[in-house]
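Comments concern the structure below.
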Amino acid sequence: MSIGSSQQVLVCVPVSTTPSGVQQQICPRIGGQYYKPQPTQAYLLNPDSQQQFDAAMGPFDYGYASAIWALAFSMIVGLYFFSHGIGLVLGMIRRS
């Protein structure tokens, strides 16, 4: 399933010389800097896939992320203590 297509688009790039009148209408001067249109290839998304990207680019939930991190960290520490306990038991069995 394609979520977009590759198309030719115009972007405004800075130039040191004064562009023609039509180019100035397409890319207006900003802060004394002249721009001219230049074609380039870009990947444009379909409007149908907008909701998918809006959901992915939503605000970062620090509370949820910290809960996941705390769960993972406590599982690592718990696994360490469990392995250490098993090692102590095996050490006692080996010495007896």
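Can you say what percent of the DSSP beta bridges in the chain, counting only those with both residues inside, are antiparallel? Round to 5. Provide the component values of the computation, followed by the final result.
Working: 13 of 13 bridges.
Once the DSSP bridges in the chain are tallied, antiparallel ones form about 100 percent.
How many times 2.2 N^0.38 Å is the alpha carbon radius of gyration of segment 55-96?
Cα-based Rg divided by the globular estimate yields 2.03.
Debye calculation, C-alpha points only, no solvent: report log10 I(q)/I(0) for segment 1-58 at q = 0.13, 0.18, 0.21 Å⁻¹, in the same order as the q values.
Summing over Cα pairs of segment 1-58 leads to -0.52, -0.72, -0.78.
Which order do the peptides 33-43, 73-83, 53-63 come out in when sorted by mean C-beta neighbours inside 10 angstrom, highest first?
The most tightly packed comes first, giving 33-43, 73-83, 53-63.
Could you tell me the distance between the Cα centroids of segment 11-36 and segment 78-96, to the nearest Å?
Cα centroid of segment 11-36 versus Cα centroid of segment 78-96: 73 Å apart.
Suppose a student asked you for the relative contact order of segment 1-58, using Cα pairs under 8 Å spaced at least 6 residues apart; what percent would you report?
Relative contact order comes out at 44 percent.
Bear in mind that the values in this text are calculations on the coordinates, not laboratory data. Keep in mind the model is a prediction, meaning the values are calculated, not measured. When we count neighbours, we look across all protein chains shown, and the Cβ atoms used for this are built from the backbone with ideal geometry, even at glycine.
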